[in-house]
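The values are calculated or read from the model by the stated rules, or taken from the named source; none is laboratory data. None of the values given here were measured: they were computed from a predicted structure. Virtual Cβ from ideal backbone geometry, glycine too; neighbours counted across all protein chains shown.
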Amino acid sequence: MKRSKVLALAAAAVLGLSVSAQAVEVGKKAPDFTGKDSSGKEQKLSSYKGKYVVLEWVNHGCPFVVSQYEKGKMQKLQEKWVKKDVVWLRVNSSAPGKQGHVDGEACEKEAKEQKSKASATILDPTGKIGKKYKAKTTPHMFVVDPQGNLAYMGAIDNAPREARSVKKNEAGETFVSYVDQALAEATAGKAISVPSTTPYGCGVKYKD
């Protein structure tokens with residue numbers, strides 16, 4: 001292969017990495033995607049332009065997710081914002097044979113048992129959507145604004161082990177639900193005070 005062609009390919013690869021690295025940056029366009037939810041309905045992020053959208057990466061075999069759901073902590077947050085016309089999409093990127101993988105029927109049953117208030121759960125067994133967002137953990141949260149820009153990304157809150165909303169977390173710090181705070185500030189026309197945090201939880205069980 002000619003040296004010029006090799007350099008061109010290398011440059012394209014670097015450019016591709018650069019674009020990918022920028023794809024999940026707060027303040028920039030959130031990566032669009034299309035996926036089927038547990039009922040078989042197609043879900044396309046860009047179809048919700050004009051609304052706030054929350055993306056929640058989920059794996060119900062993960063103890064950090066169990067903690068969020070067992071006492072209704074996550075469901076209360078979902079219900080609060082869905083009632084305010086926010087679209088709340090859960091995304092399951094667990095690959096077949098991996099912890100948390102479910103088919104549509106099992107996912108529907110699971111959601112009913114948990115009394116989930118999310119708008120829908122998208123099944124992403126290939127990990128295509130998860131990798132677009134570089135989703136690392138369950139839960140890993142993203143908030144997309146009405147213009148389609150990423151407004152928040154990171155942890156759901158600063159209390160990984162508390163199954164209920166508390167005044168202070170285990171470290172003695174004031175409890176903060178980052179997603180709730182981001183949505184409250186954004187919908188009030190304020191700048192989001194904490195636009196990104198480090199997510200916690202189990203690693204997303206992508207296909208090897």
Query raised in the report: When you look at residue 186, is it of a type outside the set (D, E, K, R), surrounded by 14 or more Cβ atoms within 10 Å (Cβ to Cβ) and either over 21 Å from residue 49 (Cβ atoms) or under 16 Å from the mean Cα position of the chain (by Cα) (or both), yes or no?
Result: no
Report task. Consider only pairs whose beta carbons are under 9 Å apart and that are at least six residues apart or on different chains; among these, list those whose first residue lies in region 30-47 and is free of Cβ contacts under 8 Å to residues at least 12 places away in the same chain and within 21 Å of residue 103 (Cα to Cα) and whose second residue is among the hydrophobic types (A, V, I, L, M, F, W, C) and surrounded by 13 or more Cβ atoms within 10 Å (Cβ to Cβ). Result -> 34/45; 34/129
Query raised in the report: When residue 205 is evaluated against the numbered criteria (1) surrounded by 15 or more Cβ atoms within 10 Å (Cβ to Cβ); (2) within 21 Å of residue 79 (Cα to Cα); (3) of a type in the set (Lys, Arg), which criterion, by number, is the only one it fails?
Result: (2)
Query raised in the report: For region 168-193, what are the residues that are over 21 Å from residue 87 (Cα atoms) and either in contact with a His (Cβ under 7 Å, 6 or more places away or on another chain) or touching a residue at least 24 places away in the same chain (Cβ under 8 Å) (or both)?
Result: none
Query raised in the report: Do we have residue 126 as under 11 Å from residue 38 (Cβ atoms), of a type outside the set (D, E, K, R) and touching a residue at least 60 places away in the same chain (Cβ under 8 Å) here?
Result: no
Requested in this report: State the number of residues belonging to region 129-167 that are acidic (Asp, Glu) and free of Cβ contacts under 8 Å to residues at least 40 places away in the same chain.
Outcome: 1
Report task. Select, from 98, 71, the only residue that is in contact (Cβ under 8 Å) with a residue 60 or more places away in the chain, farther than 18 Å from residue 126 by Cα and of a type in the set (D, E, K, R). Result -> 71
Report task. Could you please let me know if residue 153 is under 12 Å from residue 91 (Cβ atoms), surrounded by 17 or more Cβ atoms within 10 Å (Cβ to Cβ) and among the hydrophobic types (A, V, I, L, M, F, W, C)? Result -> no
Requested in this report: Return the total of residues in region 112-127 being of a type in the set (Lys, Arg) and in contact with a strand residue (DSSP E or B) (Cβ under 8 Å, 6 or more places away or on another chain).
Outcome: 1
Report task. Go through (1) at pLDDT 95 or above; (2) exposed (fewer than 15 other Cβ atoms within 10 Å of the Cβ) one by one and return the number of the condition residue 168 breaks. Result -> (1)
